[in-house]
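What follows draws every value from the coordinates through simple rules; no lab data is involved. Keep in mind that what you see is a predicted model, and the values were worked out from it rather than measured. Counting neighbours? That spans all protein chains shown, and the Cβs are built from the backbone with ideal geometry, glycine included.
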There are 2 protein chains.
Amino acid sequence: MFELIKAARKRIQGYANRTPIMTSRTLNELVGAEVFLKCENFQRVGAFKFRGAFNAISQLTDEQRSRGIITYSSGNHAQAVALVGRLLGVRTKVVMPTDAPLTKRKATEGYGATVIDYDPEETEREEMAKVLKSEHGYTLIPPYDHRDIIAGQGTAALEVFEELKTLDMMLVPCGGGGLLSGSAIACKGMEPACRIVGIEPELADDATRSFHTKTLHSVKNPSTIADGTRTPSLGKLTFPLVLQYVDAMKTVSEAAIVKAVQFLFYRMKLVVEPSGALGLAALLSGAVPAAGRVGVIVSGGNIDGATLWSILNTGSEKESA
Amino acid sequence: MFELIKAARKRIQGYANRTPIMTSRTLNELVGAEVFLKCENFQRVGAFKFRGAFNAISQLTDEQRSRGIITYSSGNHAQAVALVGRLLGVRTKVVMPTDAPLTKRKATEGYGATVIDYDPEETEREEMAKVLKSEHGYTLIPPYDHRDIIAGQGTAALEVFEELKTLDMMLVPCGGGGLLSGSAIACKGMEPACRIVGIEPELADDATRSFHTKTLHSVKNPSTIADGTRTPSLGKLTFPLVLQYVDAMKTVSEAAIVKAVQFLFYRMKLVVEPSGALGLAALLSGAVPAAGRVGVIVSGGNIDGATLWSILNTGSEKESA
């Protein structure tokens, strides 16, 4: 798989942004380590998802491209697939629940995709996508459980190691496990001694339980603010990869996520969505003790103003900021 | 003066951040030019003000340092002087109006400065600072009208030219004119053909009027959201420098500033205060026609959550983002 990540790295060059790594003296003093934030909130469509989508879709045959692609997502993956479809001239359908936020639907349509509604009370989105796929011959680009998606997501960590050379630990948010398993493979390929830790919200701790019990656990519509991690479980491909390459899984509270988003906003002037702040939340809350050189994947920055304001308006940081 | 900026550049090295230059494909397509944002929101204390404060205070004699320093400001300059005072072990007093926001007072005190209150209805802050200066022997570090402050502020533009080599135009926010005159001197020293344009809010257009009439105009407590530009007028030093080195002055509406802050938040994931968004506001609104390679100084990112939310909640961008 490491070779696939290196190949993906070449494939996305010139299309994906090589995102900057940001640091903060205040942060380093607070946690007692050197922390490096890989800012995928500055990636195209505002999240790492562009990497996997481009890597997967750019490898389709002319025949597949002419038939079009389909995916299911109401989040960053939908926008990534829609943008890559536009860039590569491939017609794109996105299966989205009727209750998806209007802003996400509009953003996806804004990139030129056709949104197909389904009623989440009545239909499973994967089923819906599969029916359409077999009816129309679309190629399905799933959000995480796909070899080329995983390889693409691993390129962010690869860039971190290319730039920083050595790291003692890397923290990666975990939803469906595409970013985490890709990052872990890149990490062990570049620097086997670097410890790789996946971070989940306590409220959506399915991957942590799966990791510890070596049996796949799932959650259903967890109420975490980290909406990127609300996926029900790791996938058929990502679960074994996480077991093989990841050193530890840790969870963080909702309060810790709130504080991390506040810190990123007030101290670092970065717009980061709650899922993207999981790694920093683990460091700031002490869920993961920091030491040495620590890389953190900040996975995305797609947050609407009202949600950010409700986070900034929570707790005590707002008064001291 | 250009030599002073180059000397300041060496002096601040290792203390000030070399801030990144950010770009956006979406932005370039929108305005039809290559735009480079020099992100001083990522500077220490969240604004370019650290540069001038460090350059000025680090040049004080041991005698001056032991007596302490004083300044007047309720904004970013106060925090910059307070932090530099702490870094260099110099006691710092900041004269602040009794009605200054609690967050700004706390941030200034957080860096170790002593805040001295004055009633803005009864006293002029400059007068207050001068009295304390002569009573106690403090050295006054004014917010903009000071050779070493201007030279320090010019280092941001110097870094832009070092990194990008050629630019056709550079846009710089204008309050008291310290950043603008420093940037203009750096620009003409590095690349005389580059056009330098100062940007003000329409509601605080004193420098624009002064520039066009060659007579110093002032404003009193203008109601612009760009609080960093609420200074009454250019200074004794900055006014002639602006006349000599700046090519044009342009103003932007409050609505244009709002849209620029929204764009920076939603599309670029950058936290930028209204004053810091003036240059981008001029490009997006067409107040300054864009062409070729355009540098923009994004001067700072110190904005509280409530103010940002009121900006994000204004107009139409929020619906389409």
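Table for the structure above
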quantity: Gained length - A:Ala193 relative to A:Phe2, 0.36 nm times residue gap less alpha-carbon distance; calculated: 67.2 nm
quantity: Overall Cα dimensions of the protein assembly as shown - principal axes, largest extent first, Å; calculated: 80, 48, 41
quantity: Inter-site label distance for A:Glu124 and B:Ala306 at 7 Å from Cα along Cβ, in nm; calculated: 4.9
quantity: Relative contact order of region A:184-237, pairs being alpha-carbon contacts under 8 Å that are 6 or more residues apart, as %; calculated: 27
quantity: 10 Å Cβ neighbours from other chains, averaged over peptide B:100-109; calculated: 1
quantity: Euclidean distance between Cα centres, region B:162-186 to region B:84-149, Å; calculated: 27
quantity: Rounded Å value of the spacing that divides the Cα centres of region B:195-249 and region A:233-311; calculated: 43
quantity: Chain A, rotation onto B, residue closest to that axis via Cβ, with its distance in Å; calculated: A:Trp309, 2
quantity: Residue exposure sequence - B:Arg86, B:Arg25 - by fewest surrounding Cβ within 10 Å; calculated: B:Arg25, B:Arg86
quantity: Over region B:1-102: Rg over Rh, Cα atoms, Kirkwood Rh; calculated: 1.09
quantity: Which of A:Tyr15, B:Tyr266 has the fewest Cβ neighbours within 10 Å, and the rest in rising order; calculated: A:Tyr15, B:Tyr266
quantity: Estimated 222 nm signal from helices in chain A, with DSSP H stretches of n ≥ 4 weighted -39500 (n - 2.57), rounded to 500; calculated: -13500 deg cm²/dmol
quantity: Candidate lysines - alpha carbon under 20 Å from B:Lys214, same-chain residues fewer than 8 apart omitted; calculated: B:Lys236, B:Lys250
quantity: Two-site label geometry, A:Leu30 and A:Lys214: point separation in nm, points 7 Å out along Cα→Cβ; calculated: 3.8
quantity: Scattering profile of chain A at q = 0.10, 0.14, 0.16 Å⁻¹ [log10 I(q)/I(0), Debye over alpha-carbon scatterers]; calculated: -0.51, -1.04, -1.37
quantity: Copies compared at A:Glu122 - label distances in nm, ascending, label defined 7 Å from Cα in the Cβ direction; calculated: 7.3
quantity: Charge sum, other residues only, whose C-beta stays under 9 Å from A:Asn41's C-beta, Lys/Arg counted +1 and Asp/Glu -1; calculated: -1
quantity: Two-site label geometry, B:Arg147 and B:Asn221: point separation in nm, points 7 Å out along Cα→Cβ; calculated: 3.7
quantity: Average other protein chain Cβ within 10 Å of Cβ, residues B:297-307; calculated: 3
quantity: Relative contact order of chain B, pairs being alpha-carbon contacts under 8 Å that are 6 or more residues apart, as %; calculated: 20
quantity: Largest-first ellipsoid semi-axes for region B:1-57, taking √(5λ) over the Cα gyration tensor eigenvalues, angstrom; calculated: 28, 13, 8
quantity: Positive dipole terminus of the protein assembly as shown, leading residue within A:Leu140, B:Thr155, A:Pro240 (C-beta point charges); calculated: B:Thr155
quantity: Three principal axis lengths of region A:50-140 [C-alpha, angstrom, descending]; calculated: 36, 27, 18
quantity: Exceeding the 20 Å Cα-Cα cut-off - candidates A:Lys93/A:Lys133; B:Lys220/B:Lys259; A:Lys165/B:Lys38; B:Lys49/B:Lys106; calculated: B:Lys220/B:Lys259; A:Lys165/B:Lys38
quantity: Most positive-pole-ward Cα, B:Ile12, A:Val31, B:Leu308, against dipole of the protein assembly as shown from beta carbon charges; calculated: B:Ile12
quantity: Region B:26-86 - charge dipole about Cα centre, Lys and Arg +1 at Cβ, Asp and Glu -1, debye rounded to 20; calculated: 300
quantity: Distant-in-sequence amide H partners of A:Tyr72 (H built 1.01 Å from N, under 5 Å); calculated: A:Val95
quantity: Pairwise FRET efficiency - A:Gln59 versus A:Thr166, Cβ, R0 = 30 Å, nearest 0.05; calculated: 0.40
quantity: Leading residue at positive end of dipole, the protein assembly as shown (Cβ point charges), from B:Leu203, B:Ser74, A:Phe50; calculated: A:Phe50
quantity: Student exercise, region A:163-300 dipole from Lys, Arg, Asp, Glu Cβ charges, in Debye to nearest 20; calculated: 100
